[in-house]
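What follows is a set of notes on a single structure, which appears directly below.
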Amino acid sequence: MNLKLRIWRQKNSGAKGYFQKVDAKGISPDMSFLEMLDVVNEELLAKGEEPVIFDHDCREGICGACSLVINGVAHGPERGTTTCQLHMRHFKDGQIIVIEPWRASAFPVLKDLAVDRGAFDRIIQAGGFVSVGAGGAPDGNAIPVSKNSAELAMDAAACIGCGACVAACKNASAMLFVAAKVSHLAALPQGQVERAARVERMVAQMDQEGFGNCTNQFECQAVCPKEIGVWFIAKMNKEYLKAKICQ
Amino acid sequence: MSLDAKVPLGPLAEKWDKRKFELKLVSPANKRKVDVIVVGTGLAGASAAASLAELGYNVHAFCFQDSPRRAHSIAAQGGINAAKNYQNDGDSITRLFYDTIKGGDFRAREANVYRLAQVSGNIIDQCVAQGVPFAREYGGLLANRSFGGAQVSRTFYARGQTGQQLLLGATQALERQIGLGRVAMHPRTEMLDLVVVDGHAKGIIVRDLVSGKIGAYAADAVVLATGGYANVFYLSTNAIGSNVTAIWRAHKKGAFFANPCYTQIHPTCIPVTGDHQSKLTLMSESLRNDGRIWAPKKQGDRRAPGDIPENERDYYLERKYPSFGNLAPRDISSRAAKEVCDEGRGVGQSGRGVYLDFAEAIRRLGKAVIKERYGNLFDMYQKITAENPYETPMRIYPAAHYAMGGIWVDYHLMSSLPGLFVLGEANFSDHGANRLGASALMQGLADGYFILPYTIGDYFASHKKPRPAADQAEFKQGEAEAGERVKKLLSIRGRRSPVSFHRELGRLLWEYCGMARNDRGLRKALAAIPSLREEFWKNVNVLGDGDGLNSGLERAGRVADFLEFGELLCLDALTREESCGGHFRQEHQTPEGEARRDDAKFCHVSAWEFKGVGQAPVLHKEPLAFENVSLTERSYK
Ligand code: FES
């Protein structure tokens, strides 16, 4: 199949960006979206033009590196799918495809389609952990965890930290990401000791990074490749309130 | 240089305790004055960096990804082994030790493997305490499954995302230390070289991938936890960025490279669909617990799988290995699939595939149970192939997956270059010639949480050399050389992309040094690689400049190192004239086509010393002494 691409190009954070028109020819429906971009990059290179920069690594939907807005939708048209797991069979021959980076002031563009998501790491640094050093942990079975709690924690912990939730939100809110981490640890007995401090610190850091507020549009849930539910946000709000009241 | 593995004397079960007592300590006040560089933030690197910082050392951690959490350990699906014997099914430290030694085809060091089994239980405790959401039974205790050919249930798991959850646990511990200011994290920073001062590893040269700036970091010791080199095959289950550069550069600076020919080809991956393929996706081998592997009995049978009657199917693993059946170890299952396809009985468009069929399991257990166990894997398969595995059998084929070989390390995980420690997949230490399922995560975390934090202190206490300054001559020279290389890559402006060289190298290696190897083929590869390398340095095309994100430049640098390393891989395979584990030499097989080891001649680690590009490396041998197990033929029949 042949496609008409409109790819965002931007030399660096400070530069002005623009859309470059590129025709992708002879694309196989079995290719992943990133493999299609590989083909485009090989052709650009052969023509003496600089290849398009985009983030990617595992290409199996788990590392959270890939991050493209495709025709206005973070990670493209398939639900519950990262860009690297999206296949070209979901597009039509001759289709125009607009490819953009995540857009949020807390995620500045580094070059072309790659952005800086360091803000997410700083939110984790603020409290997204259980403070236990190596050694000295009690036997694994000394802390029973109900199957339900373990499943709930796992549902939240499935977050891959890609940032699609932020990219999809008109307020560029990071609530779903933060809620997932807060809920993961709050669901487990191991997370209880620091429960209140964790949510307070993580939310404070989130605000400081310049992410917007949640206005319940649920766009985040719609694009989340791991289909993490917005009800985790409600759970986090409750956690936060409880922490504030107890204070 | 002699190879002293520094294995403690005394009974196997007491060696580690004895050594822990003998190791010199660094006082808390002095730890604050010691700087350590850790490169790589997968399970081994993140756990090491966090643990060293917890002890009070100053840590500089580096990764080429944009966040430590994205290191490729994250993609491990199946699980992590530990000798907890929670299931009361006869497991023990000794049994995990024995299974691992035997699984590695008796090509690993007894003392290291025993220690791994000893600390395996601590790892689970640590991860649980961190909040890793392991699967649970209804009573709240940890669930286990049997995995990858083990006859006991000792594998702990978090759905099909165990690697992800363990890595989140480890990187959260690391992030905590970053927040406390004890670790300086350098993401999007790639190590380009190692700096050696007076015979000791004392720093690294890096490129900041965003600014393109080349810089130097000095420390009291360097820890490499940079993963494996399976991407030398171009197509593998590794992440696109996984590479050999850090350990290859260390090798060129004096660290011996051990057993590079021990590569693992994983039996259950989604088959290649075409030339555009950039990576291969693994389907966790936990699927083999319930799926049955088969191929048509007839050659060139093009019927749909559902149209092939039961009596025309060959469940070849069950036929050949009745006691292990579909759970036969990875190397054996992979070779069996290759044989079936070589006989012309492969399935799918390319004929390079076999079926992994769940029809019987769905009949026996119901679709809901299968969905609960493997739902996410089935979804992933369907996304990639557009076929529904609940209705039609999966098609699978082996793919390069893991490197058992790596930098030679002693019992302290220190390489032959003092001050350079190597952890996880990047070292050679624990898996011998074949790694068992769910053992990689165990080893990475054992090295980082429970071994290095003890052994590295002994190095600091024994070698009180002042830390060099990062602007001293050795560092300046390293920066200049790295800068020259970048400039060179950018100035060639040839006609071929870095990827095209990588693909060609990968094809050569897969053909001649893949699942089956022979003298003639290996010599062919050894003749072809140097000319490909020569062409690369004349004809590679890298555009753009060095002062910003440039994925072509990054790729080119990694491919250049693969082009040197590939030669050592083939040479090692040529020199090891026996079959063992993942290394199958066609000249050395039993009449039934099984691997034939030669313990008289090859019961040793091959550790190679670098002598210059295009120069013959020197082979050093570390004899493997087995005092506690007897070497047997590894039979899974
Ligand atoms: S590249 Fe890893 S999730 Fe897409």
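The values are calculated or read from the model by the stated rules, or taken from the named source; none is laboratory data. This one's a predicted model, so the numbers in the text were calculated from it and none came from an experiment. Cβ sites come from the backbone with ideal geometry, for glycine too, and all protein chains shown count toward neighbours.
General observations
- Just one of the listed residues (B:LEU549, B:LEU505) is in the same structural domain as B:GLY582 (by TED's automatic domain parsing), out of contact with any strand residue (DSSP E or B) (no Cβ under 7 Å at 6 or more places or on another chain) and of a type outside the set (Lys, Arg), namely B:LEU505.
- Residue within the stretch B:69-90 that is over 24 Å from the mean Cα position of the chain (by Cα), assigned to a loop (DSSP other than H, G, I, E, B), more than 14 Å from chain A (Cβ to nearest Cβ) and under 30 Å from B:MET283 (Cβ atoms) present: yes
- Checking each residue in the stretch A:42-66 for being of a type in the set (A, V, I, L, M) and within 16 Å of the ligand (Cβ to nearest atom) picks out A:VAL52, A:ILE53, A:ILE62, A:ALA65.
- With respect to the conditions (1) surrounded by 23 or more Cβ atoms within 10 Å (Cβ to Cβ); (2) more than 14 Å from chain A (Cβ to nearest Cβ); (3) assigned to a loop (DSSP other than H, G, I, E, B), B:CYS570 lacks only one, and its number is (3).
- Qualifying residue in the stretch B:334-348 (condition: among the hydroxyl-bearing types (Ser, Thr, Tyr) and either in contact with a Lys or Arg (Cβ under 8 Å, 6 or more places away or on another chain) or part of a loop (DSSP other than H, G, I, E, B) (or both)): no
- Those helices (runs of 4 or more DSSP H) lying entirely in the stretch A:145-203 with at least 3 residues closer than 17 Å to A:GLU219 by Cα and without any contact (Cβ under 8 Å) to a residue 60 or more places away in the chain: A:175-186
- Test: residue in the stretch B:34-48 that is touching a helix residue (DSSP H, G or I) at 6+ places or on another chain (Cβ under 8 Å), surrounded by fewer than 24 Cβ atoms within 10 Å (Cβ to Cβ) and among the β-branched types (Val, Ile, Thr): yes
- The single condition among (1) in a strand (DSSP E or B); (2) crowded, with 24+ Cβ neighbours inside 10 Å that B:ALA255 does not meet is (1).
- Matching residues, the stretch B:91-118, being among the small types (Gly, Ala, Ser) and more than 30 Å from B:LEU377 (Cα to Cα): B:SER92, B:ALA108, B:ALA111
- Residues of the stretch B:537-553 satisfying the condition of being at the interface with chain A (Cβ under 10 Å from one of its Cβ atoms) and over 14 Å from B:GLU484 (Cα atoms): B:ASN541, B:VAL542, B:LEU543, B:GLY544, B:GLY548, B:LEU549, B:ASN550, B:SER551, B:GLY552
- B:ASP66 vs. criteria surrounded by fewer than 24 Cβ atoms within 10 Å (Cβ to Cβ) and either assigned by TED's automatic domain parsing to the domain that holds B:ALA29 or assigned to a helix (DSSP H, G or I) (or both): no
- None of B:HIS401, B:HIS412 is touching a residue at least 60 places away in the same chain (Cβ under 8 Å), within 14 Å of another protein chain (Cβ to nearest Cβ) and within 26 Å of the chain's Cα centre (by Cα) except B:HIS401.
- Residue match in the stretch B:619-628 (condition: touching a residue at least 12 places away in the same chain (Cβ under 8 Å), of a type in the set (Gly, Ala, Ser) and surrounded by fewer than 17 Cβ atoms within 10 Å (Cβ to Cβ)): yes
- Of the residues in the stretch A:91-108, not one is within 15 Å of the ligand (Cβ to nearest atom), over 14 Å from the mean Cα position of the chain (by Cα), part of a loop (DSSP other than H, G, I, E, B) and not assigned by TED's automatic domain parsing to the domain that holds A:PHE211.
- Condition met for B:GLN151 (part of a loop (DSSP other than H, G, I, E, B) and either within 30 Å of B:LEU553 (Cα to Cα) or within 16 Å of the ligand (Cβ to nearest atom) (or both)): no
- A:GLY76 being touching a Cys at 6+ places or on another chain (Cβ under 8 Å) and in a loop (DSSP other than H, G, I, E, B): no
- Meets criteria (in a loop (DSSP other than H, G, I, E, B) and either at the interface with another protein chain (Cβ under 10 Å from one of its Cβ atoms) or buried (at least 21 other Cβ atoms within 10 Å of the Cβ) (or both)) for A:CYS84: no
- All conditions but one from (1) within 12 Å of chain B (Cβ to nearest Cβ); (2) more than 14 Å from the chain's Cα centre (by Cα); (3) over 29 Å from B:ASP545 (Cα atoms) apply to A:GLU49; the one that does not is (3).
- The requirement of being small (Gly, Ala, Ser), away from chain A (no Cβ under 14 Å) and assigned to a helix (DSSP H, G or I) is not satisfied by B:ALA48.
- Among the residues of the stretch B:527-555, just one is buried (at least 20 other Cβ atoms within 10 Å of the Cβ) and of a type in the set (Ser, Thr, Tyr), namely B:SER551.
- If you go through the stretch B:96-131 and keep only what is within 21 Å of A:VAL130 (Cα to Cα), out of contact with any strand residue (DSSP E or B) (no Cβ under 9 Å at 6 or more places or on another chain) and in contact (Cβ under 8 Å) with a residue 12 or more places away in the chain, you end up with B:GLY121, B:ASN122, B:GLN126, B:GLN130, B:GLY131.
- Of B:ASN112, B:ASN144, all but one fail to be farther than 21 Å from A:ALA137 by Cα, assigned by TED's automatic domain parsing to the domain that holds B:TRP248 and more than 16 Å from the ligand (Cβ to nearest atom); the exception is B:ASN112.
- Candidates B:LYS24, B:LYS15, filtered to the one that is in contact (Cβ under 8 Å) with a residue 40 or more places away in the chain, assigned to a loop (DSSP other than H, G, I, E, B) and more than 23 Å from B:LEU194 (Cβ to Cβ): B:LYS24
- Some residue of the stretch A:98-110 being at the interface with another protein chain (Cβ under 8 Å from one of its Cβ atoms) and either at pLDDT 95 or above or touching a Cys at 6+ places or on another chain (Cβ under 9 Å) (or both): yes
- Residues that are among the aliphatic types (A, V, I, L, M) and more than 9 Å from chain A (Cβ to nearest Cβ) were ranked within the stretch B:157-173; the one that is farthest from the chain's Cα centre (by Cα) is B:ALA170.
- Subset of the stretch B:204-252 (residues that are closer than 22 Å to B:LYS279 by Cβ, more than 16 Å from the ligand (Cβ to nearest atom) and of a type in the set (Ser, Thr, Tyr)): B:THR226, B:TYR229, B:TYR234, B:THR245
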